[in-house]
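The values are calculated or read from the model by the stated rules, or taken from the named source; none is laboratory data. Not measured: the values here are computed from a predicted model. Ideal geometry is used to build each Cβ from the backbone, glycine not excepted, and the neighbour counts take in all protein chains shown.
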Amino acid sequence: MTIEATTPSGERMILNMGPHHPATHGVLRIVVESDGEVVANCTPDHGYLHRSIEKIGECVEWQMFVPYTDRIDYVCAMNANLAYCVGVEQLLRSDPGTAVQVPFRAECIRVLVAELNRISSHMIAVGAMAMDVGAVTPFLHSIAQREMVNDIFEKLCGQRLTYNYITVGGVAYDLTPGAPDEIASFLNTFEKEMVRFNKLITTNTIFRDRCASVAVVTSDEAIAWGLVGPNLRGSGVDWDLRRDEPYGIYGQLAVRVPFGERFAGRHGAVGDCYDRYIVRLLEVQESVRLCREVLKLLPPPAPKATDQTGGFQADVKKQLARPPKGEMYSRTEAPRGEMGYFIVSDGTKVPYRVRCRTGSFSAAGIFHHVMKGIFLADVVAVIGSFDVVVPEIDR
Amino acid sequence: MTDDPMMNALPGSTKQKAGNQLDEQIHLTAVDEFLAWGKENSLFYLLFATACCGIELMQAGGPRYDLDRLGMIPRATPRQSDLMIIAGTITHKMAERVRLIYQQMTEPRWVVSMGSCANSGGPFSKWSYSVLNGIDKYIPVDIYIPGCPPRPEALIDGVYALRERVRRYRTLGVRETVPHIVASADAAFGCHFGKGGSKQPEEPKA
Amino acid sequence: MSALSFAELCERVHARWPAVEAKRSDNGQPFLLVPATELVALVQWLRSDRELRFDALSDLTGYDLMKYPATPPSDAIAVVYVLFSYVQKHKLMLRVLAPRAACVVPSVSFLWPAALYFEREVWDLLGVHFDGHPTLLRIMTPQDWVGHPLRKDYIYPSEYHGVPHLREGQHFEHVPQREGDAVKAAPTAPAAPAKGAPPA
Ligand code: SF4
């Protein structure tokens with residue numbers, strides 16, 4: 001990929017960032033054309049982690065694709081599982097003969113793990129962003145919190161990162177008997193930790209001024225460029241699929257949606273890096289609240305796994321062997337925004353086409369637009385504030 | 001100085017406690033052994049994470065598993081690092097970059113392949129068209145760690161195996177080429193690793 | 001104002017664009033089948049009309065109809081547009097069929113910049129050429145990659161830049177096992193082991 005340096009004086013410098021660069025969160029390559037300290041132009045180059053997951057979706061059976069969704073977004077694998085399973089269930093529901101009813105307990109567990117994973121994913125996002133602008137300590141604090149969530153998940157499904165826990169029709173294992181108490185006590189300590197974390201970095205004047213008014217995305221721009229999730233809300237758009245197009249039991253939980261409102265104060269603007277950062281922190285608080293609410297709703301376990309309230313896994317073998325012919329577009333709210341699945345079935349046990357629309361892909365699409373005219377040192381802050389995860393871009 | 005366990009652990013040291021006399025503070029050892037001792041305890045690793053395994057690498061460097069206590073500090077540039085931990089999937093597009101980075105590292109250099117993907121393509125080996133099935137087709141690998149992703153404990157196990165190897169390294173000797181495979185209970189997905197896709201390729205000239 | 005249902009949307013579209021057909025997929029998902037020649041004018045109107053206001057392109061993707069059991073069978077590439085309006089909160093799916101022989105669809109990136117990336121992806125993976133796109137380069141695979149992987153007749157590469165794709169001892173038939181599927185592509189021959197390191 002080439003960039004023409006077009007200034008008559010020819011004084012622009014071309015700087016290659018990545019694909020191996022510690023601040024690009026993986027293998028993202030950005031070719032920056034700089035005019036002194038200012039970015040004149042930039043071209044992201046993707047595909048260094050293109051693992052052909054969509055092609056794999058056409059080769060494996062319905063249930064076998066779930067582990068691959070883990071790898072589409074490994075920072076919030078539960079949400080990625082959930083997005084795919086919700087899509088397949090909606091496809092099955094489009095024909096009354098194959099409709100599946102997910103047990104209520106399974107729905108509760110799904111929301112619980114999805115919100116816990118949202119917490120751990122946002123902790124990585126804010127910690128990594130702070131690290132990118134030069135504050136390493138908050139990252140260690142956020143990693144410590146992530147380890148706590150990992151412990152809970154490990155007891156649940158035996159994995160620390162790629163869970164393969166949520167399946168079509170429910171979840172793979174029931175909660176362990178002590179899990180609700182453990183989660184409740186984790187939420188309590190986590191809230192205390194967050195106070196410390198915020199003192200450390202969020203209210204830090206240097207950090208705030210560093211991020212204020214950098215890479216401002218207005219709400220119209222955000223919509224037109226297809227931003228989703230916290231990036232969209234950071235620009236002041238009040239939209240969250242959990243509240244506005246509820247799936248699962250989110251309809252029964254009053255989800256409060258934070259959005260960007262110039263948190264950086266006088267020097268900030270709606271939709272700058274600091275707004276996107278704060279929206280993530282507020283979402284973490286909301287997730288803590290949702291987890292507590294779900295713990296109250298959680299019905300006691302039933303002896304039979306397929307029980308409609310207390311079970312955790314509906315029997316879907318028959319349905320998945322002969323799913324309805326047709327297609328379905330479904331979307332769910334993952335930590336990095338709308339995760340849409342376009343699923344086409346030809347009526348066999350192998351999907352015909354699985355397409356995953358992810359938040360990071362469109363966030364990466366806006367890079368060359370927002371990076372024009374910012375300082376070179378801010379490039380990493382911008383990448384951090386959009387919270388891109390590379391396999392979500394490349395898949 | 002006298003109670004420094006590290007000094008007592010010096011190869012060739014017969015004294016458990018060095019005294020204040022001049023001759024008691026002099027240790028006789030081979031240069032190679034001394035260098036190996038230094039290298040072994042300061043394996044700076046390249047911060048090179050491509051995919052999911054990279055998160056586990058990050059968490060291994062985090063507060064709980066704390067790779068720092070083994071003298072392992074992440075470096076951002078290959079020119080300052082001794083060890084490259086390939087954490088994650090390597091695609092065909094990325095593989096040539098990996099070799100470039102490897103060539104920029106100074107000798108002696110070591111490579112740990114972390115996770116099924118870097119070992120053999122892992123879950124992507126069968127149906128993927130773009131994933132390189134094993135990084136050992138491009139650069140020589142010393143330690144293979146199976147798992148998808150390997151736990152940080154498995155990584156640390158691999159690091160200890162590597163330290164053994166570093167201790168045996170001799171500047172003028174023959175480089176060990178037989179890879180070490182860390183035994184792991186959770187070696188997910190059938191792997192062909194260790195056989196070497198193309199045997200061990202010769203070391204590319206830097 | 002409130003969200004319009006698909007029938008109401010159809011009514012308004014039909015009044016101006018009689019060539020656009022309202023269709024349903026096999027499981028009843030409604031969509032509009034748009035001729036490629038009318039696409040640009042239609043989406044321009046969809047985006048600017050006061051009652052419709054589709055200000056976001058939620059998704060743009062496609063799939064190969066070659067092996068889809070439809071009657072009559074088709075070998076076109078279907079390009080799927082998912083439009084969404086954050087103002088009116090309604091959703092609409094459009095579809096354009098691009099025949100394999102002349103796989104060209106006009107670009108909509110001048111309306112929704114989000115399409116810049118989506119179209120590059122569809123071009124890369126499915127080989128649909130978007131007319132009017134400023135930089136229609138491959139986005140996922142390397143620029144010198146051969147073929148469009150998500151097409152159903154794609155043949156897996158046996159090597160890339162001299163490095164074999166498979167390991168020694170691996171034999172995979174890279175063809176999805178679909179019931180009643182005649183194997184079209186020959187399975188990739190087992191790769192020969194490379195001699196030493198590939199040239200730098
Ligand atoms: S081995 Fe597994 S966890 Fe590691 S990079 Fe590959 S898919 Fe991800």
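For this structure, a couple of remarks:
- Any hit, the stretch B:97-104, residues being within 11 Å of the ligand (Cβ to nearest atom), within 14 Å of chain C (Cβ to nearest Cβ) and of a type in the set (Ser, Thr, Tyr): no
- When A:Leu116, A:Leu161, A:Leu156 are screened for being in contact with a Phe, Trp or Tyr (Cβ under 8 Å, 6 or more places away or on another chain), crowded, with 18+ Cβ neighbours inside 10 Å and under 18 Å from B:Gly62 (Cα atoms), only A:Leu161 passes.
- You will find that of B:Tyr160, B:Tyr102, the residue that is surrounded by fewer than 22 Cβ atoms within 10 Å (Cβ to Cβ) and part of a helix (DSSP H, G or I) is B:Tyr160 and no other.
- Residue within the stretch A:326-333 that is facing chain C (nearest Cβ under 9 Å) and of a type in the set (Val, Ile, Thr) present: no
- One residue stands out among those in the stretch B:34-47 that are touching a helix residue (DSSP H, G or I) at 6+ places or on another chain (Cβ under 8 Å) and part of a loop (DSSP other than H, G, I, E, B): the one that is farthest from the ligand (Cβ to nearest atom), which is B:Asn41.
- Close pairs from the stretch B:138-161: first free of Cβ contacts under 8 Å to residues at least 24 places away in the same chain, partner away from the ligand (no atom under 14 Å from the Cβ), Cβ under 6 Å, at least 6 apart: B:Ala161/B:Ile143; B:Ala161/B:His180
- Selection within the stretch B:59-96 - at the interface with chain A (Cβ under 7 Å from one of its Cβ atoms), within 14 Å of the ligand (Cβ to nearest atom) and of a type in the set (A, V, I, L, M, F, W, C): B:Met94
- Top-ranked residue in the stretch C:25-63 [being among the polar types (S, T, N, Q) and in a loop (DSSP other than H, G, I, E, B); ranked as farthest from C:Tyr81 (Cα to Cα)]: C:Asn27
- Test for B:Ile145: is it within 11 Å of the ligand (Cβ to nearest atom) and more than 8 Å from every other protein chain (Cβ to nearest Cβ): yes
- Odd one out for A:His267, checked against (1) at pLDDT 85 or above; (2) surrounded by fewer than 22 Cβ atoms within 10 Å (Cβ to Cβ): (1)
- Flag for A:Val88 being more than 15 Å from the chain's Cα centre (by Cα), away from the ligand (no atom under 16 Å from the Cβ) and hydrophobic (A, V, I, L, M, F, W, C): yes
- B:Thr50 being hydroxyl-bearing (Ser, Thr, Tyr) and either more than 11 Å from every other protein chain (Cβ to nearest Cβ) or within 11 Å of the ligand (Cβ to nearest atom) (or both): yes
- Residue ID - surrounded by the most Cβ atoms within 10 Å (Cβ to Cβ), chosen from residues in the stretch B:110-128 that are modelled with pLDDT of 85 or more and away from the ligand (no atom under 11 Å from the Cβ): B:Val112
- Count of residues meeting criterion [basic (Lys, Arg) and over 15 Å from A:Ser345 (Cβ atoms)] in the stretch A:61-97: 1
- Members of the stretch A:195-247 found to be out of contact with any helix residue (DSSP H, G or I) (no Cβ under 6 Å at 6 or more places or on another chain), in a helix (DSSP H, G or I) and hydrophobic (A, V, I, L, M, F, W, C), listed by number: A:Val195, A:Ile206, A:Ile223, A:Ala224, A:Leu241
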